[in-house]
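Below: one structure, written as structure tokens.
The values are calculated or read from the model by the stated rules, or taken from the named source; none is laboratory data. Being a predicted model, the structure only gives us computed values, none of them experimental. Positions of Cβ are generated from backbone atoms using ideal geometry, with glycine treated the same way; all protein chains shown enter the neighbour counts.
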Amino acid sequence: MVCVFQFSDYSFKANSFLIADEESCDAAIIDPSMDRDSYEEILKKNGYHLKYILITHNHFDHVWNYDDLYDSFGVTGLIEQTELDGINDSRSNASFLMGIDFRLKSPLKPLNYSDRYCLGTHEIRCIRTPGHTSGSVSFFCDEKLFCGDLLFCGSIGRTDISGGSLSMLIDSVEKLFQLLPQDTVVFPGHGPETTLKQEALNNPFL
């Protein structure tokens, strides 16, 4: 079984997730926006080993504390190539909206869609879901979807920042409805969890 620990940072209300396979104790952090102590407490308490840091898109509020995590754990984060190309550009990473020029110091590696990212016997599937940004991805594991700012409970992500496209976002959401079970639990980049079925029935934007 894959367990999910959800965090929401105080500054930007961005969700971050630590997921772990109970049998192997392999763990991954998705969208490293929290301080490292929050993750370390869970990892140490449960004897988990951090294997991956996975990033859905390059907006600064979702990678805010990546440098600290890299310094602490030495795990290089994985991000889609287009998002990697723009990670230190204030327009691409949306930090200009806050009047800052956010930059990461630590290295990142591009996601390779042909690679298998596994937690024990569970595979983390990386799915292209552009729309919120041009290179946004979602991660699916054990009937759980981590979709960044693509889809929210009762809403969708904004598309008015660099690389955003409403038509692409809607296409990406529809692709998820086709690919994944309707009872998939959705863990978005902001706000509460939901399910694909709930959003198909109730989301006014779809």
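Observations on the model:
- Scope the stretch 179-199; condition touching a helix residue (DSSP H, G or I) at 6+ places or on another chain (Cβ under 7 Å) and under 18 Å from VAL137 (Cα atoms); matching residues: LEU180, THR184, VAL186, GLY189, LEU196
- Selection within the stretch 110-141: residues that are hydroxyl-bearing (Ser, Thr, Tyr) and over 22 Å from TYR48 (Cα atoms). The member of this set that is surrounded by the fewest Cβ atoms within 10 Å (Cβ to Cβ) is SER114.
- Test result for SER162, among the hydroxyl-bearing types (Ser, Thr, Tyr) and under 12 Å from the mean Cα position of the chain (by Cα): no
- Qualifying residue in the stretch 142-153 (condition: touching a Leu at 6+ places or on another chain (Cβ under 7 Å) and surrounded by 21 or more Cβ atoms within 10 Å (Cβ to Cβ)): yes
- Of the strands (runs of 3 or more DSSP E) lying entirely inside the stretch 1-54, those carrying at least 2 residues that are buried (at least 21 other Cβ atoms within 10 Å of the Cβ) are 15-21, 26-30, 49-54.
- Cβ-Cβ distances below 8 Å connect the following pairs, each with a first residue in the stretch 124-138 that is touching a residue at least 12 places away in the same chain (Cβ under 8 Å) and at positive phi, a second residue that is in a loop (DSSP other than H, G, I, E, B) and surrounded by 20 or more Cβ atoms within 10 Å (Cβ to Cβ), and a separation of six or more residues or different chains: GLY131/LEU150; GLY131/GLY157.
- Test: residue in the stretch 188-203 that is more than 25 Å from ALA28 (Cα to Cα), loosely packed, with under 15 Cβ neighbours inside 10 Å and in contact with a strand residue (DSSP E or B) (Cβ under 6 Å, 6 or more places away or on another chain): no
- Here TYR66 meets each of (1) touching a Gly at 6+ places or on another chain (Cβ under 7 Å); (2) among the hydroxyl-bearing types (Ser, Thr, Tyr); (3) within 21 Å of GLY164 (Cα to Cα) with one exception, condition (3).
- Residue-level analysis places ASP71 among those that are at pLDDT 95 or above, of a type in the set (Asp, Glu) and under 25 Å from LEU43 (Cβ atoms).
- Hey, GLU143 within 16 Å of the chain's Cα centre (by Cα), within 21 Å of PRO192 (Cβ to Cβ) and not aromatic (Phe, Trp, Tyr) or not: yes
- Pairs meeting the criteria (first residue in the stretch 78-105 and of a type in the set (Asp, Glu), second residue surrounded by 18 or more Cβ atoms within 10 Å (Cβ to Cβ), beta carbons under 6 Å, at least 6 apart or on different chains) are GLU80/LEU111; GLU80/GLY135; GLU80/VAL137; GLU83/HIS57; GLU83/ASN58; GLU83/GLY135; ASP101/SER90.
- Filter result for PHE96 (surrounded by 15 or more Cβ atoms within 10 Å (Cβ to Cβ), modelled with pLDDT of 95 or more and not in a loop (DSSP other than H, G, I, E, B)): yes
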